[in-house]
Every structure is written in structure tokens, then in C-alpha cells.
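The values are calculated or read from the model by the stated rules, or taken from the named source; none is laboratory data. Quantities reported herein were computed from a predicted structural model and do not represent experimental measurements. Methodologically, a virtual Cβ is constructed for each residue, glycine included, from the backbone with ideal geometry; neighbour enumeration extends over all protein chains shown. Protein only, heavy atoms only, side chains kept; ligands, DNA and RNA dropped before computing areas. Shrake-Rupley method; radii C 1.70, N 1.55, O 1.52, S 1.80 Å.
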Amino acid sequence: MQKGIIGRKIGMTQIFDEAGRVIPVTVVEAGPCVVVQKKTVENDGYDAVQLGFGDIRAKRVNKPLQGHFKKADVAFKRTLKEFRFDDCSALDVKGIVKADIFAVGDIVDVSGTSKGKGYAGTIKRYNGRRLKESHGSGPVHRHAGSMGACSSPSRIYKGKKMPGHMGAEKVTIQNLEVVKVDAENNLIAIKGAVPGPKNGTVTIVDCVKKA
């Protein structure tokens, strides 16, 4: 059965395996999540479940979403994510998904939103090289350089590495290993680093390990 859950990144630490080796891990508070909506091939054209994570006050939920939660007869949730599974028969509306759906040794994909770094130039954004700061470079030693190809085509080519907003984008890291599951506290320790800042929302789904 395919598995998926929404969680909150708590931070990084390290644990020791049976051989005494240090394993750097990211601790994620995974769930509990509630099934808010279930989609079927007959009604929606595909099978999927929508999970909700993290309680929120009613005053912070708009009217359409309040009706969505009331229809499912579940508490208001801060985060909603849809998971497309081949078989959703084991999940029903109001069902609870907890961290214990994962086990030690599972290989997962983790998605999150990276840290926003604001407006950045080409050197910081794309690891570009600056000009020498001795003679002749003037005040442009951190500029991007030539922009276009003169009068033809009289425009900047699509994909040119330009200054702009950096970070705050969806990032997915694949083939991470679950090294510890604390079912009582809904905590999952995942080997390595997962995307996003501390207390950021992440999505964990199981995957087939790729070569």
C-alpha cells in the first residue's frame, strides 16, 4: 500500500546505530493527519485522499473552507494536501493517519518549501563569478555581464540567469531512509537533511529506491 503523511520539521540531531556509527537525522513531527476528503474515479476521475494537519482557530479559516471541513465533520486544519494513491480503499473520511504507517528502513521522498532569501543578484543566486576589482572593472564587478545579442534578436533569451527572487520554492529530496519511528509521539527520524526551515511543513511519501 502506498503511504503519505504531512508533518512539521522540528530540527536536526544525530543518533547512533547498533555499530556505534553516528547518523545525522532530521526529526519530523508526522501527523496525526485526518482524512478531509476522498476522491474516486467515478466522481472525480482519479483516486486520491486529502489530508489535513495542524489545528487552527475558526477565525483564521475562510467561509468556503469552513464549509469544506464541516461537510467532512472534522476540525479545522491549517494545512491541506492531496495524495494520489492507486488504492485508497483503506482510507475513509474522518480517518486518522499517524506516523506508525512508516517503519524503519522505508525509503521516502520528502517535499517542503525552501527558505526564502529575498531579492538576490546573479552571484548569490547562481554562484556566478565576479570581475576583478583592480583596474577597469569600475562599479560593475558583481553585475551579470552581457544581456542580449545586439539588435538581433533584440531581447534577452529565455533562461538567462538574471537577478531575482531566491528561495521560497518547492524542493523534493528523494530516496531518504527512515531510521527511527516514535509512534507514541508521532515522530519520524529521517537520515540526512530535508528541505525547509525549522517548523516548516513537509510532505512525506514512500517511494521505490532509485539506482
*Using the Kirkwood radius built from alpha carbon pairs, what does the Stokes-Einstein equation give as D for the range 1-119 at 25 °C and 0.890 mPa s, in µm² per second?*
149
*Within the accessible area of the range 118-211, what % is carbon and sulfur when the probe is 1.4 Å and the other protein chains stay in place?*
52
*asked:* Give me the one-decimal nm value for the distance between modelled label points at Leu131 and Ala193, 7 Å along each residue's Cα-to-Cβ direction.
replied: 3.3
*Working from the pairwise distances between different alpha carbons, so that the mean of 1/r is found and then inverted, what is the chain's Kirkwood radius in Å?*
20.4
*What value, in deg cm²/dmol to 500, does the helix sum -39500 (n - 2.57) over DSSP H runs of n ≥ 4 give at 222 nm once divided by the residues of the chain?*
-2000 deg cm²/dmol
*Would you grab the residues whose amide H sits under 5 Å from the one on Gly192? Only those 5+ places off in sequence or on another chain, please, with H modelled 1.01 Å from N.*
Val25, Thr26
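Does the range 1-62 come out rounded, prolate or oblate, given a ≥ b ≥ c as the square roots of the eigenvalues of its C-alpha gyration tensor, rounded meaning a/c under 1.5 and, failing that, prolate meaning a/b above b/c?
Oblate shape, in that a/c is at least 1.5 and b/c is the bigger or equal ratio.
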*With r defined as the distance between the Cβ atoms of Asp73 and Gln14 and R0 fixed at 45 Å, what FRET efficiency is calculated, to the nearest 0.05?*
0.60
*If you count, for each residue, the other Cβ atoms within 10 Å and average over each peptide, how do 159-172, 25-38, 55-68 line up from highest to lowest?*
25-38, 159-172, 55-68
_Set of lysines near Lys117 by C-alpha distance (under 30 Å), chain-local residues within fewer than 8 positions excluded_ = Lys9, Lys77, Lys81, Lys132, Lys158, Lys160, Lys161, Lys170, Lys191, Lys198
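Just to confirm, what accessible area per residue do you get for the chain at 1.4 Å probe, in whole Å²? Spell out each step's value before the answer.
Numbers: 13460 Å² over 211 residues.
For the chain, the solvent-accessible area averages 64 Å² per residue.
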*Which shape class applies to the range 160-211: rounded if a/c is under 1.5, otherwise prolate when a/b exceeds b/c and oblate if not, where a ≥ b ≥ c are the square roots of the Cα gyration tensor eigenvalues?*
oblate
_Using alpha carbons only, how many angstrom separate the centre of the range 50-76 from the centre of the range 139-211?_
30
_With 10 Å bins from 0: P(r) over the range 101-211, alpha-carbon pairs, percent_ = 12, 27, 22, 18, 13, 6, 1
_Ordering of 128-134, 105-111 by burial proxy (mean other Cβ atoms within 10 Å per residue, highest first)_ = 105-111, 128-134
*Cα-centred dipole magnitude for the range 1-52, charges only on beta-carbon of K, R (+1) and D, E (-1), debye, nearest 20*: 160
